[in-house]
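Asker: Sharing a structure with you now.
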Amino acid sequence: MKSSFDYIIVGAGSAGCVLANRLSANPDIEVLLIEAGGKDWNPLIHMPAGLSKLINFKSLNWNYHTEPQSELHQRRLYWPRGRVLGGSSSINAMCFSRGHPSDYDDWAALGNSGWGWADVLSYFKSSQDQARGEDTHHGTGGPLRVEDLRFTNALSHAFVEAASQAGYPKNPDFNGATQEGAGFYQVTQRNGRRCSTASAYLSPIKARPNLTVLTHALTQKVTFKGDHASGVIVQQRGRVRTVNAKREVILAAGAINSPQLLMLSGIGPADMLQAHGIDLMADRPQVGQNLQDHLDICVLTECSKPITYDQLNELKVGFNYFFRRQGEGTSNIAEAGAFLISGRHAADRPDIQMHFVPAWLDDHGRNRLPGYGYTVHACPLRPKSRGHLTLQSAEPTHPIAIQPNYLSDPHDLESMLDCIELARSILHQPAFRPYRLQELMPGDDVKNRAGLIDYIRRKAETIYHPVGTCRMGPDADAVVDPKLKVNGVSGLRVVDASIMPTLTGGNTNAPTVMIAEKASDLILSETTSVTQFEEH
């Protein structure tokens, strides 16, 4: 392998694969993409319903756990994050959700010029190959295929109808003119197969001679010449080497790993780094701060008919999928959902999101329950609690301490109670009458506030949307500026969900792809200017 490249991208996940594609489209630019995990060869990655099994594949996952949560009975919550080409887009539920337009206008209002809804919509559209065709809200011809589900369970249809009976509008497109309502999620799939960023952006261009992809390679730190990022130190299969970046190093390792890499490289809170013997490059106290995540609570109901996904004939499902690309194997499991306005905490835009699963779902699916059931996930979309990351060691293989501080703001507990109330109001509508037996969790007898709060503290889990730990902003305290350049040094950017100043109101994969699309434009425009200057 060469010892120097124009751009080094750390992390081949939802952002890194996009960057590798867009930057290497210029044949004069040499790009190195580094991934700590391996190739996305596992067939369960590509079979959508295989996601229910991926939770048990530790080789595809960073397998993080939080610090004990004081508001959740001191539990350490499990945080799976993808460690494979495609990152978390290779193991997620494929729900395509941009959030609400006002989320991005909020970013712009914080001083992040160029990040309002009118600015970012074109990047959402250019990334997309929308199966329904192009319109004001959607694009075609982009790498990321977005389709309607090929197979949906009868219970998912009952959920949409029940939400309508509860007074909520039906919505055929959560990413259209309005977000509010209940309907079916569109998914990142192509012909019923998972369309991760690895398959969408990386696979079609892996033969480009100016692109090198390094897998099973752990980046230990960024190197510097003066205050300019000059490359990275990377370990692969026991060998440690330094690779040089002629132009920039780009961290696209996610909301946990990107801030950890900054700290290991000497960029972060001075006292924390010095405590671990790390030479200080730039005192940036906000690195690892501003951690935000969607905390989720489930309502589980026993089903009177054996039509759920709990006890499927896996051989039959696999045959139908691999030979016909049909049936339950094409399902993302979380088929239907809703974006609702609680009324108590929001009036202008949805503040609660639901995912409906026609199966039991407890402890990320790791606790298999007997019989047949269905589950409503519900989460408050704009939590006020803020957490942080704390470096525990200067050793790159040692996980960083994750402290989300769930429910530290009283507002979030009240919103979680709203989630249960709204979920129950839907599940008790006539559309579920043919299927409903008893509520297993929290339980039909758990109705008072104290009992519901105890249930939340015992059972709430992440729905996998950590962001914010390398906050973007125009202020001097921000980790990156609105061009995603790391403050305090040069030649270094962060491009992933960690730069979000506030959490978007929905799933975070599509916004992360958008961030990388926009960042690619920013980088290429500067590259063109430099090239033209050099030619002149």
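Asker: Scan the strands (runs of 3 or more DSSP E) fully inside the range 138-232 and keep the ones with 2 or more residues being at pLDDT 95 or above and within 20 Å of the chain's Cα centre (by Cα). Before the answer, list the steps.
Answerer: Details: elements: 144-146, 181-184, 211-214, 217-225.
Of the strands (runs of 3 or more DSSP E) lying wholly inside the range 138-232, those with at least 2 residues that are at pLDDT 95 or above and within 20 Å of the chain's Cα centre (by Cα) span 144-146.
Asker: Related question: Filtering the range 192-206 down to residues that are touching a Lys or Arg at 6+ places or on another chain (Cβ under 8 Å) and among the hydrophobic types (A, V, I, L, M, F, W, C), which residue is nearest to Glu517 (Cα to Cα)?
Answerer: Ala200
Asker: Being hydrophobic (A, V, I, L, M, F, W, C), surrounded by fewer than 21 Cβ atoms within 10 Å (Cβ to Cβ) and touching a residue at least 12 places away in the same chain (Cβ under 8 Å) is the filter here, so list the residues in the range 96-120 that pass it. Give the derivation first.
Answerer: If we filter the range 96-120 for residues that are hydrophobic (A, V, I, L, M, F, W, C), which is where we start, we get 96, 107-110, 115, 117-118, 120.
If we keep only those that are surrounded by fewer than 21 Cβ atoms within 10 Å (Cβ to Cβ) too, we end up with 108-110, 117-118.
Answer for the range 96-120, where residues must be hydrophobic (A, V, I, L, M, F, W, C), surrounded by fewer than 21 Cβ atoms within 10 Å (Cβ to Cβ) and touching a residue at least 12 places away in the same chain (Cβ under 8 Å): Leu110, Trp117.
Asker: For Thr178, all conditions in the list (1) in contact (Cβ under 8 Å) with a residue 12 or more places away in the chain; (2) out of contact with any Cys (no Cβ under 8 Å at 6 or more places or on another chain) hold save one; what is the number of the exception?
Answerer: Condition not satisfied by Thr178: (1).
Asker: Which of (1) β-branched (Val, Ile, Thr); (2) more than 24 Å from the chain's Cα centre (by Cα); (3) farther than 18 Å from Ser164 by Cβ does Ile420 not meet, given it meets every other one?
Answerer: (2)
Asker: Further, regarding this structure: If a residue has to be polar (S, T, N, Q), within 24 Å of Val480 (Cβ to Cβ) and assigned to a loop (DSSP other than H, G, I, E, B) to count, how many in the range 98-137 make the cut?
Answerer: Keep residues of the range 98-137 that are polar (S, T, N, Q), which gives 102, 112-113, 122, 126-128, 130, 136.
Still in the list and also within 24 Å of Val480 (Cβ to Cβ): 102, 112-113, 122, 126-127.
With assigned to a loop (DSSP other than H, G, I, E, B) added as a condition, the list becomes 112-113.
The qualifying residues number 2.
Asker: For the list (1) under 29 Å from Arg368 (Cβ atoms); (2) out of contact with any helix residue (DSSP H, G or I) (no Cβ under 7 Å at 6 or more places or on another chain); (3) not acidic (Asp, Glu), I need the number of the one condition that Gly37 fails.
Answerer: (2)
Asker: Please state which one of Ala394, Ala347 is without any contact (Cβ under 8 Å) to a residue 40 or more places away in the chain and surrounded by fewer than 24 Cβ atoms within 10 Å (Cβ to Cβ). Full working, then the answer.
Answerer: Values: Ala394 fails: without any contact (Cβ under 8 Å) to a residue 40 or more places away in the chain.
None of the other options fit; the residue is Ala347.
Asker: Also: From Ser525, Ser425, grab the single residue that is in contact (Cβ under 8 Å) with a residue 24 or more places away in the chain and of a type in the set (Gly, Ala, Ser). Steps first, answer last, please.
Answerer: On the way: Ser525 fails: in contact (Cβ under 8 Å) with a residue 24 or more places away in the chain.
Only one candidate qualifies: Ser425.
Asker: Now for a separate question. What pairs come out if I take residues in the range 222-251 that are within 18 Å of Ala36 (Cα to Cα) and pair them with residues that are of a type in the set (Asp, Glu) whose C-beta lies under 8 Å away, six or more apart or interchain?
Answerer: Note: pairs meeting the criteria are Leu251/Asp496.
Asker: For the range 382-411, what are the residues that are in contact with a His (Cβ under 7 Å, 6 or more places away or on another chain) and either of a type in the set (A, V, I, L, M) or assigned to a strand (DSSP E or B) (or both)?
Answerer: Leu391, Ala394, Gln403
Asker: If Gly443 passes every condition in (1) assigned to a loop (DSSP other than H, G, I, E, B); (2) closer than 28 Å to Ser89 by Cα; (3) outside the structural domain of Leu524 (by TED's automatic domain parsing) but one, which one does it miss?
Answerer: (2)
Asker: Tell me whether the range 442-450 contains one or more residues that are at pLDDT 95 or above and crowded, with 21+ Cβ neighbours inside 10 Å.
Answerer: Within the range 442-450 (the criterion being at pLDDT 95 or above and crowded, with 21+ Cβ neighbours inside 10 Å), the answer is yes, since at least one residue qualifies.
Asker: Among the residues of the range 17-42, write down those that are among the small types (Gly, Ala, Ser) and outside any strand (DSSP E or B).
Answerer: Selection gives Ala20, Ser24, Ala25, Ala36, Gly37.
Let's see how each residue does on (1) surrounded by 23 or more Cβ atoms within 10 Å (Cβ to Cβ); (2) closer than 30 Å to Thr219 by Cβ; (3) at pLDDT below 95:
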site: Gly254; (1), (2), (3): yes, yes, no
site: Leu262; (1), (2), (3): yes, yes, no
site: Ile267; (1), (2), (3): yes, yes, no
site: Met272; (1), (2), (3): no, yes, no
site: His276; (1), (2), (3): no, yes, no
site: Ile307; (1), (2), (3): no, no, no
site: Asn313; (1), (2), (3): no, no, yes
site: Lys316; (1), (2), (3): no, no, yes
site: Phe322; (1), (2), (3): no, no, yes
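Asker: Something else about it: What number of residues within the range 149-180 satisfy the criterion of being more than 21 Å from Pro430 (Cα to Cα) and acidic (Asp, Glu)? It would help to see each step written out before you state the result.
Answerer: The first filter runs over the range 149-180 and keeps only residues more than 21 Å from Pro430 (Cα to Cα), leaving 149-151, 172-180.
Restricting the remaining residues to those that are acidic (Asp, Glu) gives 173, 180.
Counting residues in the range 149-180 that are more than 21 Å from Pro430 (Cα to Cα) and acidic (Asp, Glu) gives 2.
Asker: For Phe533, all conditions in the list (1) modelled with pLDDT under 95; (2) in contact with a strand residue (DSSP E or B) (Cβ under 7 Å, 6 or more places away or on another chain) hold save one; what is the number of the exception?
Answerer: (2)
Asker: Please verify whether Ile456 is over 21 Å from Gly167 (Cβ atoms), in a helix (DSSP H, G or I) and touching a Leu at 6+ places or on another chain (Cβ under 9 Å), treating the condition exactly as stated. Lay out the reasoning, then the answer.
Answerer: Numbers: over 21 Å from Gly167 (Cβ atoms): yes; in a helix (DSSP H, G or I): yes; touching a Leu at 6+ places or on another chain (Cβ under 9 Å): yes.
Judged against the criteria, Ile456 is a match.
The values are calculated or read from the model by the stated rules, or taken from the named source; none is laboratory data. This is a predicted model, so every value here is computed, not measured. FYI the Cβ positions are ideal-geometry reconstructions off the backbone, even for glycines, and counts take in every protein chain you see.
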